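See below for the structure under consideration.
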Amino acid sequence: MLVPIPIVCFVGTLVTDIAYWFTANMQWANFSAWLLSVGLIGAALAALAGMVDFFGDRRIRRIRTAWIHGAGNAVALALSIVNVFVHSRDAYTSVVPTGLLLSAVVVLILGVTGWLGAGLVHRHGVGVQAGERA
């Protein structure tokens, strides 16, 4: 249930970065900084829950996709940490081009790791109680 929070915030950051790029309205840069901050808090909580699942179940650690999913999310989290520092600068230099590029890369990574995460749930039953799997 924690996963949608950082996804929405990081996608929202990309959208507000693009809005700032086109309008130069400083409020869009402020929105980006806030979305990044909330996304990082949500991502840290989701990462903690994911690590409990990953390290708490030997079966999950045997699935190659779980390793790729975890590593991709770790990279997205690290890039988002860098991005929050980039976004803490003056508005124009915080968004164009570095902040915008980092936001786009994070969203692309999340698209891949989200797809892999869905496969872990639906194909491998990760995070699903016995008897709940369809």
Open item on the list: At a 10 angstrom cut-off on C-beta neighbours, averaged per residue, how do the peptides 78-85, 9-16 rank from highest to lowest?
Closed with: 9-16, 78-85
TODO: Could you work out how far the C-alpha centroid of the range 22-44 sits from that of the range 87-113, in angstrom?
DONE: 10 Å
Task: Taking the chain and dividing mean pair separation by its residue count, relative contact order in percent (alpha carbons under 8 Å, at least six apart) - done: 29 percent
Task: In degrees, nearest ten, helix 98-124 long axis to first principal axis of the chain (Cα) - done: 20 degrees
Task: Whole-Hz couplings from phi, Karplus 6.51/-1.76/1.60, listed for the range 62-74; x for Gly and Pro - done: 7, 8, 4, 4, 5, 5, 5, 4, x, 5, x, 5, 5
TODO: Quantify, in whole percent, the carbon and sulfur part of the accessible surface of the chain (1.4 Å probe; protein heavy atoms only).
DONE: 72 percent
TODO: Springs between alpha-carbon atoms under 10 Å, Gaussian network over the chain: tell me which of Val38, Val52, Val106 tops the mean-square fluctuations.
DONE: Val52
Open item on the list: Please list Ile109, Ile68 from largest to smallest accessible area, probe radius 1.4 Å, with all protein chains kept in place.
Closed with: Ile68, Ile109
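The values are calculated or read from the model by the stated rules, or taken from the named source; none is laboratory data. Quantities reported herein were computed from a predicted structural model and do not represent experimental measurements. Positions of Cβ are generated from backbone atoms using ideal geometry, with glycine treated the same way; all protein chains shown enter the neighbour counts. Areas reflect the complete protein model, heavy atoms only, side chains present, ligands, DNA and RNA absent. Shrake-Rupley method; radii C 1.70, N 1.55, O 1.52, S 1.80 Å.
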